[in-house]
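Comments concern the structure below.
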Amino acid sequence: MALLSRRRGISDVSKIRVREDRLRKDLLELARYGEEQDGGVMRTALSDADMEARCWFKDRMSEAGLRVREDAAANIIGRLDPMADSADTPCIAMGSHIDTVPHGGRFDGALGICGGLEAIRAIRESKVPLPCPLELLVFTDEEGSHYAGTFGSRAMFNLLLEDEIHRSRSSGKPSLAKDLERIGKDPERIAQAVRSPSNFRVFLELHIEQGPILESLGVPIGVVEGIVAVHRYTIHVKGMAGHAGTTPMRRRDDALVKAARVITAVNEAVTAAGPSIVGTIGELSLYPGAFNIIPGEVTMSLELRSMKESVIQPVQGHIEEIVRSVSNTRLDPLLSKGGVDLDPVIMDAIEISCREGGILFHRMASGAGHDAMTFPPLGVPTGMIFIPCVDGRSHCPDENITWKDAATGAQILADTVIRVAGLRIN
Ligand code: GLV
Ligand code: MN
Ligand code: MN
């Protein structure tokens, strides 16, 4: 599908120099928004910490010479137009997210936006002429703290589920509509965020690997070939609330005890299916929740991930049987994101950038979901660049990287932007 017609002069690429000190400063400053005592970050989407971080980042984008706007889904869009009449010219976009998981780390998402900003600064300073606009996109709620994840990129291409913005996964948590209203947006106008895929020549995302492979190989760059399918569900378990002191054990219908059986059986079923699939029950809420009340209701999240849809389907069937075997228990599908293959021409461009910089690289799949998943099904050529993370840890306060790897990732991103700017990709 992709045609490489002209390779950008190597001399153009070699003029670009990202600055590790500047990137480091940005990443450390960003990590202050929502920082916790143990070194972690609590910056869930549209929380006060997230809003403050977004303001700070918009200022950095403006300083770097980007025209900054926010769309109806609260995505932040920074655009660099190389000429006055390029407003309708398809852009090369880079992006990631600024929100974190609860008690998450400093670099998931943050590396992609700060690295994208540093790449743009370095490209501008190099004075290499750009044949098309660049955009830096900060997507809203990639982590799914409100509902299903990759919200901003799906809103941008009209891919939201019906009524999604009015739903929330557990009682007590605000829906996206409520939080959008809280920050001054009109949720009824969410469709104003929709753009055409034809506005984008290419989408590139720089990210930490979030796993142990690159570190164990001693390789600083991962060239991502594909991103796993992610299927999310909610499991509802109903029991009967009652007095925890007076109800004999044999007369109880304890929702948490039934949930525990489901959790163990699901874990065994996924493990038995082999190493090409993972499954996690990562969220559990119990009602009413007190020392002296037998749990009456449990709601849990379930997630299955694999590169192969054909592996997910039988495991899902097995889990449906498990759930049916436990009284008053229900499995509701929440969202299915198909696995995606990334663009081979972009992968080649990343690899050439590594070779010419003398940087080792490794081709690999992503077990984590990303906004980059949204683009390939729309026909937008998409690439992802990974850097190692220390001990493979992510989505936790211990998430860490080296500044050298961060700068290498941003350099390869900048070089790849210039390289693909010189390609004609159909
Ligand atoms: C995002 O980090 C995800 O993989 O869920
Ligand atoms: Mn994440
Ligand atoms: Mn991420």
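The values are calculated or read from the model by the stated rules, or taken from the named source; none is laboratory data. This is a predicted model, so every value here is computed, not measured. With ideal geometry, Cβ positions are generated from the backbone for all residues, glycine too; neighbour counts draw on all protein chains shown. The accessibility values were calculated without ligands, DNA or RNA, using every heavy atom of the protein model including side chains. Shrake-Rupley method; radii C 1.70, N 1.55, O 1.52, S 1.80 Å.
For the reader, a short list of remarks on this structure follows.
Results for (1) closer than 30 Å to T408 by Cα; (2) away from ligand 3 (no atom under 16 Å from the Cβ), shown as yes or no for each residue.
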position: G172; (1), (2): no, yes
position: D179; (1), (2): no, yes
position: A193; (1), (2): no, yes
position: R201; (1), (2): yes, yes
position: H207; (1), (2): yes, no
position: P220; (1), (2): yes, yes
position: V223; (1), (2): yes, yes
position: T234; (1), (2): no, yes
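- Among residues of the stretch 340-357, those that are surrounded by fewer than 19 Cβ atoms within 10 Å (Cβ to Cβ) and in contact with an Asp or Glu (Cβ under 6 Å, 6 or more places away or on another chain), counted: 0
- Listed by first and then second residue, the pairs with beta-carbon distance under 8 Å, at least 6 apart or on different chains, first residue in the stretch 15-39 and touching a residue at least 24 places away in the same chain (Cβ under 8 Å), second in a loop (DSSP other than H, G, I, E, B) and open to solvent by 80 Å² or more (accessible area, probe 1.4 Å), are K15/K127; E36/H103; G39/D398.
- Condition check for L111: within 16 Å of ligand 1 (Cβ to nearest atom), under 23 Å from D21 (Cα atoms), of a type in the set (A, V, I, L, M) and open to solvent by less than 10 Å² (accessible area, probe 1.4 Å): yes
- Against the test of being acidic (D, E) and either over 21 Å from the mean Cα position of the chain (by Cα) or away from ligand 1 (no atom under 16 Å from the Cβ) (or both), the options D141, D179 yield a single qualifying residue, D179.
- Residue check for E303: closer than 28 Å to S366 by Cα, touching a Ser or Thr at 6+ places or on another chain (Cβ under 9 Å) and modelled with pLDDT under 95: no
- Residue in the stretch 57-79 that is closer than 22 Å to A193 by Cα, of a type outside the set (V, I, T) and at pLDDT below 95 present: no
Quick grid of which residues meet (1) in contact (Cβ under 8 Å) with a residue 40 or more places away in the chain; (2) more than 30 Å from E399 (Cα to Cα); (3) not charged (D, E, K, R); (4) not in a strand (DSSP E or B):
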site	(1), (2), (3), (4)
Q210	yes, no, yes, yes
G222	yes, no, yes, no
T247	yes, yes, yes, yes
R250	no, yes, no, yes
V270	yes, no, yes, yes
V278	yes, no, yes, no
L286	no, no, yes, no
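- In the stretch 133-145, the residues that are more than 14 Å from P90 (Cα to Cα), assigned to a loop (DSSP other than H, G, I, E, B) and in contact with a Ser or Thr (Cβ under 6 Å, 6 or more places away or on another chain): E142, S145
- Selection from the stretch 92-106 of residues that are part of a strand (DSSP E or B), more than 11 Å from ligand 2 (Cβ to nearest atom) and crowded, with 24+ Cβ neighbours inside 10 Å: A93, M94, G95
- Test result for R182, of a type in the set (K, R) and either more than 19 Å from G152 (Cβ to Cβ) or surrounded by 20 or more Cβ atoms within 10 Å (Cβ to Cβ) (or both): no
- Checking each residue in the stretch 46-91 for being free of Cβ contacts under 8 Å to residues at least 60 places away in the same chain, of a type outside the set (A, V, I, L, M) and assigned to a helix (DSSP H, G or I) picks out D48, D50, E52, C55, W56, K58, D59, R60, S62, E63.
- Test set (1) open to solvent by less than 10 Å² (accessible area, probe 1.4 Å); (2) within 14 Å of ligand 2 (Cβ to nearest atom); (3) under 20 Å from G144 (Cβ atoms) - F386 fails condition number: (3)
- Among the residues listed as I92, I113, I98, the single one being more than 16 Å from ligand 3 (Cβ to nearest atom), in contact with a strand residue (DSSP E or B) (Cβ under 6 Å, 6 or more places away or on another chain) and either of a type outside the set (S, T, N, Q) or closer than 30 Å to Q210 by Cα (or both): I92
Yes or no, residue by residue, for (1) part of a helix (DSSP H, G or I); (2) open to solvent by less than 70 Å² (accessible area, probe 1.4 Å); (3) within 18 Å of V237 (Cβ to Cβ):
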residue	(1), (2), (3)
G274	no, yes, no
E283	no, yes, yes
T299	no, yes, yes
I312	yes, yes, no
V315	yes, yes, no
I319	yes, yes, yes
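- Boolean, S327 is open to solvent by 20 Å² or more (accessible area, probe 1.4 Å) and in a loop (DSSP other than H, G, I, E, B): yes
- When V278 is tested against the conditions (1) open to solvent by 70 Å² or more (accessible area, probe 1.4 Å); (2) more than 16 Å from ligand 2 (Cβ to nearest atom), the lone failure is (2).
- In the set L204, L214, L130, only one residue is outside any helix (DSSP H, G or I), more than 16 Å from ligand 2 (Cβ to nearest atom) and surrounded by fewer than 24 Cβ atoms within 10 Å (Cβ to Cβ); that residue is L130.
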